[in-house]
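To start, the structure under review is shown below, and the notes come after it.
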Amino acid sequence: RAAREYVEGRGLADETRRTFRLGYAPNSWDALGIHLKSKGATIGQIERSGLVVKKEQGGYYDRFRGRLIFPVTDAQGRPVAFGARAMRPGDEPKYLNSPETAAYTKGRHLFGLSVTREEIRRKKFAILVEGYLDLIVPFQHGVRNVVASLGTALTAEQAKLLNRFARKVVVNYDGDRAGINAAKRAIEVLLPEDFEVKVLVLPEGADPDEFVRAHGADEYHQRRGEAAPHMQFVLEQAMRDRNLH
């Protein structure tokens, strides 16, 4: 119930929850480990899955407990990892992610791509955002050509993967200093792959999740249409807080 209430509080519809296969990790130290064993998984397989953490004194405990779960899938929609969000204020870390495993290498996958790839192909461009909800909330409001780089710095492998579906990208990371710097790094990764790159910085440092919920998809589309070419963005950032006289 707590997870359903949290998702409803973020304005997510049941259909959206099902589309992205959102789930809940019970607030238990061993519920998942016991479940996997009951399904026939060996101790070695369970440990290698990244879903449990080995204890120094022996045994293990569930990695994700009492959190909202976002499955991370490959481009074909097969789950390879999980992201887990804390639901109570003050719980740290806010996001907890699967470690690298035989099935999952960080920087090789784009969140949401298996759901949005056809719309990206159809529109001939992708909007690149940072986090899970930065993709899911705009998607629910009809902005369907979005992918998320999963909070890590964009990698060359992610750029190559995206290049299979579009040659134009609008980078829409958070508008704070960290987001601006991440956008600059993303440009450096995208340009060698021959992308046409634009950058969208939303007003007052808003992220896509906040902006779409507050202003709607039409306003977002208008802002996206006014996104700056990457060179203009880089020059504007270089001139910020400097007196060019």
query: Once you have the alpha carbon radius of gyration of the chain, what is it after dividing by 2.2 N^0.38 Å, with N set to its residue count?
result: 1.08
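So if R0 is 35 Å, what FRET efficiency would MET231 and GLU100 give, r being the distance between their Cβ atoms, rounded to the nearest 0.05? Mind dumping the intermediate values first?
Numbers: r = 35 Å, r/R0 = 1.00.
In this case the efficiency is close to 0.50.
Pairs LYS160/LYS198; LYS106/LYS184; LYS124/LYS198; LYS123/LYS160; LYS37/LYS106: which exceed 22 Å Cα-Cα?
Values: LYS160/LYS198 17 Å; LYS106/LYS184 20 Å; LYS124/LYS198 14 Å; LYS123/LYS160 18 Å; LYS37/LYS106 27 Å.
In this structure, LYS37/LYS106 exceed 22 Å between Cα atoms.
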task: Could you order ARG242, ARG167, ARG144 so the one with the most accessible surface comes first? Probe is 1.4 Å.
output: ARG242, ARG167, ARG144
task: Taking just the C-alpha trace of region 132-199, give me its Rg and Dmax in Å.
output: 11.7, 32
Cα Rg, Dmax (largest Cα-Cα span) when computed across region 113-245, Å: 14.1, 50
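Once Rh is set to the Kirkwood radius over Cα pairs, what Stokes-Einstein translational diffusion coefficient, in µm²/s, holds for region 1-88 at a temperature of 25 °C and a viscosity of 0.890 mPa s?
Values: Rh = 14.2 Å.
The estimated diffusion coefficient comes to 173 µm²/s.
Under 1.5 on a/c is rounded, so check that first for region 56-96, then, if it is not, pick prolate when a/b is larger than b/c and oblate when it is not; a ≥ b ≥ c are the square roots of the alpha carbon gyration tensor eigenvalues. Please report the intermediate quantities before stating the final value.
Numbers: a/c = 3.28, a/b = 1.26, b/c = 2.59.
Oblate, since a/c reaches 1.5 and b/c is not below a/b.
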- prompt: Per the 1.4 Å probe, what fraction of the accessible area of the chain, in percent, lies on carbon and sulfur atoms?
  reply: 48 percent
- request: Just need the Rg to Rh number for region 48-137, please, alpha carbons only, Kirkwood Rh.
  value: 1.03
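Considering only protein heavy atoms, what per residue accessible area in square angstrom results for the chain with a 1.4 angstrom probe? If you can, show how the numbers build up before the last one.
Details: 13210 Å² over 245 residues.
Each residue of the chain exposes 54 Å² on average to a 1.4 Å probe.
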task: Take the Cα of ASP91, step 7 Å along the line toward its Cβ, and report every residue of region 15-43 whose backbone nitrogen sits under 18 Å from that point.
output: 22-33
- prompt: Using the Cβ atoms and a cut-off under 13 Å, what net charge is assigned to the surroundings of THR105, where Lys and Arg are +1 and Asp and Glu are -1?
  reply: -1
message: Per residue, how big is the convex hull of region 189-245 when only Cα atoms are used? Give it in Å³.
response: 118 Å³
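Take every Cα-Cα pair in region 109-156 and report what % of them are more than 16 Å apart.
On the way: 324 of 1128 pairs.
Result: 29 percent of Cα pairs exceed 16 Å.
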message: Net charge around VAL201, counting only other residues with Cβ within less than 12 Å of its Cβ (Lys, Arg = +1; Asp, Glu = -1)?
response: 0
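In what sequence, largest accessible area first, do GLU56, GLU119, GLU196, GLU188 appear using a 1.4 Å probe?
On the way: GLU56 190, GLU119 40, GLU196 95, GLU188 130 Å².
The ordering from most to least exposed comes out as GLU56, GLU188, GLU196, GLU119.
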Choice from GLU100, GLU219, GLU92 showing the highest fluctuation, given a GNM over the chain with Cα pairs closer than 10 Å: GLU92
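Sequence gap at least 6, Cα distance under 8 Å: using those rules, report the relative contact order of the chain to the nearest whole percent. Please report the intermediate quantities before stating the final value.
Working: 389 pairs, mean separation 33.0, N = 245.
Over the chain, the number comes to 13 percent.
The values are calculated or read from the model by the stated rules, or taken from the named source; none is laboratory data. If you're wondering where the values come from, they're calculated on a predicted model, not measured in any experiment. Every residue, glycine as well, gets a Cβ built from its backbone with ideal geometry; the counts of neighbours run over all protein chains shown. All accessible areas refer to the heavy atoms of the entire protein, side chains included, with ligands and DNA or RNA removed. Shrake-Rupley method; radii C 1.70, N 1.55, O 1.52, S 1.80 Å.
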